[in-house]
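Accompanying notes for the structure given below.
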Amino acid sequence: MKKVFFTLLVLSVGCGKKIEDDQVIAPKPTDKQPFSVPAHFPKPEYALDKNKITQAGFELGRTLFYDGILSRDGTIACGECHRQEYAFTHHQHDVSHGIDNQLGERNAPAIQNMAWKKEFFWDGGVHDLDLVPVAAIESPIEMDEKLGNVLEKLKKTEKYPALFEKAYGSKEITSAKFLKALSQFMLALTSSNAKYDKYIRNEAGGTLTADETAGLNIFQQKCGTCHGGELFTDQTYRNNGLKLDVTRQVVVNGKLEIKRFDDKGRYRITQIDSDLYKFKVPSLRNIAVTRPYMHDGRFWTLEEVLNHYSENMIDNGYVDNALKINGKAGLKLTDDEKRKIIVFLNTLTDRNLLLDPKFSEQR
Ligand code: HEC
Ligand code: HEC
């Protein structure tokens, strides 16, 4: 990340390597485009006509995404908290650690299928994908830098004016171009090639086992109200009965510390009482690799998540009706149902997104 010259070198080597990669993964014709809409997906929300995704724009966005130059001291890149092999989440971190090893208060969400998202963050605090990086860069506990200063630093490098020229036809570096390039990279992170997708599209490799099919059916009944559709979220804000205002141990610099969590969720944005402790329904695509779970990363396994929905929910006064039986919070799942749901959730893992070298840092 700090190695500007090194990266320059490999960038040129990287070109040759890409041809090789293309041959290895034998892409379908659509893979040549940085972005395309999968046939079984809804219409994108992002205004794609205002930010046409090109190969050069995507590559610039990718270089920026993996470059620590975006942070105050050069150490924290976007890719630090959003790691490809874990669907661009912060693996093994309940809440994110940013600059100077400071602790955030939320779990880093996956970056996938961003073109379909209406609002961003656990509470919907950001409306436009183009503005998300500003929040990360200027957050004192994430990257602690100023957008203007990032642009100044980029102008002084050898490689960025050339990369901006390739993407936009001129060496000029502006905040709009910078933000739109980051969006181009993130928009290209489509997850639509899991076993489940092959099943839906009736493709080779898409035959579900008896347990997976049973799991899918239970999932649709019990979880589908909120985690429904091809995106596995209805993009609403809901309360799923987590114990709130909790104190728990977290690891800071390798040491255990006690931290209080009292995140009021959607209420932070709207200040409406009925929004207290509601959080964005997250997509469950790639859920097998994005632990830990929930806005504060409190659960480390899917078994814990299923136990929560089955018998450990707290009626905090705001629990969603879809999670109640006869007015009582909790779905009362049998062990067999829990197991089958998890078996089904494993069919949502998309190795294309997690392993495709075109989404990795180019070394
Ligand atoms: C220190 C860790 C950290 C760094 C560095 C970081 N992020 Fe994040 N990111 C998070 C966390 C935590 C959230 C959730 C914030 C919230 O909900 O309040 C998030 C949320 C997001 C989201 C919204 C996802 C969604 O589904 O709502 C996107 C997109 C994103 N980050 C992109 C970026 C980009 C681009 C950068 C670099 C400019 C970046 N992040 C840097 C931790 C980080
Ligand atoms: C009433 C809507 C609703 C229903 C029904 C529901 N969920 Fe959720 N789910 C949510 C919300 C909201 C969150 C985020 C809560 C938070 O982080 O505070 C969530 C979070 C999750 C997470 C963690 C995701 C992550 O990225 O951290 C998993 C896994 C999950 N749900 C699985 C399920 C399963 C399996 C079912 C069915 C047994 C189910 N959910 C039913 C609303 C719902």
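Sequentially through region 203-208, phi angles give Karplus couplings (6.51, -1.76, 1.60; θ = phi - 60°) of 9, 4, x, x, 8, 7 Hz, Gly and Pro residues having no value and appearing as x. Accessible surface computed residue by residue for the chain, with neighbouring protein chains in place and a 1.4 Å probe, gives 47 Å² per residue. For region 195-348, the alpha-carbon coordinates run over 48, 42, 30 Å along the three principal axes, in decreasing order.
The phi-based Karplus calculation (6.51 cos²θ - 1.76 cosθ + 1.60; θ = phi - 60°) puts the 3J(HN,Hα) values of region 236-247 at 9, 10, 9, 10, 9, x, 6, 5, 10, 6, 10, 10 Hz, whole numbers, x for Gly and Pro. Within region 118-222, what whole-number % of the accessible surface is contributed by carbon and sulfur, with the 1.4 Å probe and all protein chains included in the calculation? C and S fraction of accessible area: 53 percent. Exposed loop sites here mean GluC sites (Glu not before Pro) with a DSSP loop assignment and at most 11 other beta-carbon atoms within 10 Å; the chain contains its longest site-free run at 173-363. Across region 82-90, coupling constants 3J(HN,Hα) worked out from phi with the 6.51/-1.76/1.60 Karplus curve, θ = phi - 60°, read 10, 9, 3, 5, 10, 6, 6, 10, 8 Hz, and Gly and Pro carry x.
The C-alpha atoms of the chain define a longest principal axis, and helix 175-187 lies at about 50 degrees to it. When the alpha-carbon atoms of region 183-232 are used, the pair Rg, Dmax equals 13.1, 40 angstrom.
Give the Debye-formula value of log10 I(q)/I(0) at each listed q (0.13, 0.15 Å⁻¹), with one equal scatterer per alpha carbon of region 87-130, two decimals each. Log-scaled intensity ratios, in q order: -0.33, -0.44. If one computes the Cα centroid of region 286-360 and of region 98-147, what distance in Å separates the two points? With region 286-360 and region 98-147 each reduced to a Cα centre, they are spaced 23 Å.
Going by amide H atoms built from the backbone, whose H comes under 5 Å of the H on VAL252, apart from near neighbours? Residues meeting the amide H criterion: GLU257.
Annotation: THR207 carries an accessible surface of approximately 110 Å², with a 1.4 Å probe and no ligand, DNA or RNA atoms counted. Looking at region 299-338, the trypsin sites (Lys or Arg not before Pro) that sit in a DSSP loop and have at most 14 other Cβ atoms within 10 Å of their own Cβ are LYS332. When the C-alpha to C-alpha distance is required to be over 24 Å, the pairs from LYS50/LYS278; LYS146/LYS264; LYS50/LYS166; LYS264/LYS324; LYS52/LYS171; LYS118/LYS155 that qualify are LYS50/LYS278; LYS146/LYS264; LYS118/LYS155.
Under 5 Å from the amide H of GLY241 lie the amide H atoms of ASP320, each residue being 5 or more positions distant or on a separate chain, with H modelled from the backbone and absent for Pro and chain starts.
Selection among LEU103, GLN220, LEU354 by position relative to the dipole of the chain gives LEU354 as farthest towards the positive end (Cβ unit charges, Cα centre). For the chain, the longest principal axis of the C-alpha atoms and the axis of helix 210-222 are separated by about 80°.
In plain terms, the chain from ASN202 to LYS156 could stretch by 11.4 nm, reckoned as 0.36 nm per residue minus the Cα-Cα distance. Here region 195-348 is assigned +1 on the Cβ of each Lys and Arg and -1 on the Cβ of each Asp and Glu. Its dipole about the Cα centre then comes out at about 300 debye.
If every alpha-carbon in the chain counts as one equal scatterer, what log10 I(q)/I(0) does Debye give at q = 0.09 1/Å? One equal scatterer on each Cα of the chain leads to -0.53. Counting charges near ASP123 (Lys, Arg +1; Asp, Glu -1) among other residues having Cβ under 10 Å from its Cβ returns a value of +3. Near PHE299, the amide H atoms lying under 5 Å from its own belong to TYR293; only residues 5 or more places off or on other chains count, and H is placed 1.01 Å from N.
Relative to the longest principal axis of the Cα atoms of the chain, helix 159-168 runs at roughly 80 degrees.
The values are calculated or read from the model by the stated rules, or taken from the named source; none is laboratory data. These figures come from a predicted structure and were not determined experimentally. Positions of Cβ are backbone-derived with ideal geometry, glycine not excepted, and every protein chain shown enters the neighbour counts. Only protein heavy atoms, including side chains, enter the accessible area calculation; ligands, DNA and RNA are left aside. Shrake-Rupley method; radii C 1.70, N 1.55, O 1.52, S 1.80 Å.
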